[in-house]
Every structure is written in C-alpha cells, then in structure tokens.
1. Out of the residues in region 41-55 meeting the condition of being in a strand (DSSP E or B) and surrounded by 11 or more Cβ atoms within 10 Å (Cβ to Cβ), tell me which one is farthest from the chain's Cα centre (by Cα).
2. May I ask you to list the residues in region 66-100 that are exposed (fewer than 14 other Cβ atoms within 10 Å of the Cβ), more than 23 Å from the chain's Cα centre (by Cα) and not in a loop (DSSP other than H, G, I, E, B)?
C-alpha cells in the first residue's frame, strides 16, 4: 500500500522509476527550564524548536538595558543572580512580561 510504510515504489505507468523514501522519525521534544531570580521562581522557559535557547533570556535582559546580573545553569534550573538590589524587581517584572508574551 503506498505511503503507509514510508516508502513508495513509483508513480504512474513506470513503477520503480521514482523511488521515494519518507522519514517520519522526527519527533517534537519540548525542553522546559524553571527560571529563578535570586532563588525565587519567576517562570518557565519552554523551547519548542531547535532555534530557541535558554540564553535567549539573558539576551532579552541585556537588550532591556540590564547588565548587573549573572546566570548559572543547574539541571533544568536557570538561576539569575542580580548584583544590584535596585534592579531585582525590575528584572523580575521584565521576565514576567517575557514569559506572558511568548
């Protein structure tokens, strides 16, 4: 039966002329990371494709003008350490917006 096993022998009057192989082994894997700001949970970063990375959060924060922080990864926890106490709440607010607008 054509296309049921991922391989079709041919088309039309000339069977075997057009050998086609269909690979249906692609799977969708979703990675999720819990994000913390100074040990306080702020949200979850879901990555639905290979173009998304956990470092996108750092890029987002730097793009918003925040520079006084560092990041660390431990398993599925992404920790953001804020070095300026005055920026802590603003970073959390921006991350809240980031997670809700995705």
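1. 42
2. 85, 86, 89, listed by residue number.
No lab work stands behind these numbers, since they all come straight from the coordinates. Everything numeric here is computed off the predicted structure, so don't read it as measured data. Note: ideal-geometry Cβ built from the backbone for every residue, glycine included; neighbour counts use all protein chains shown.
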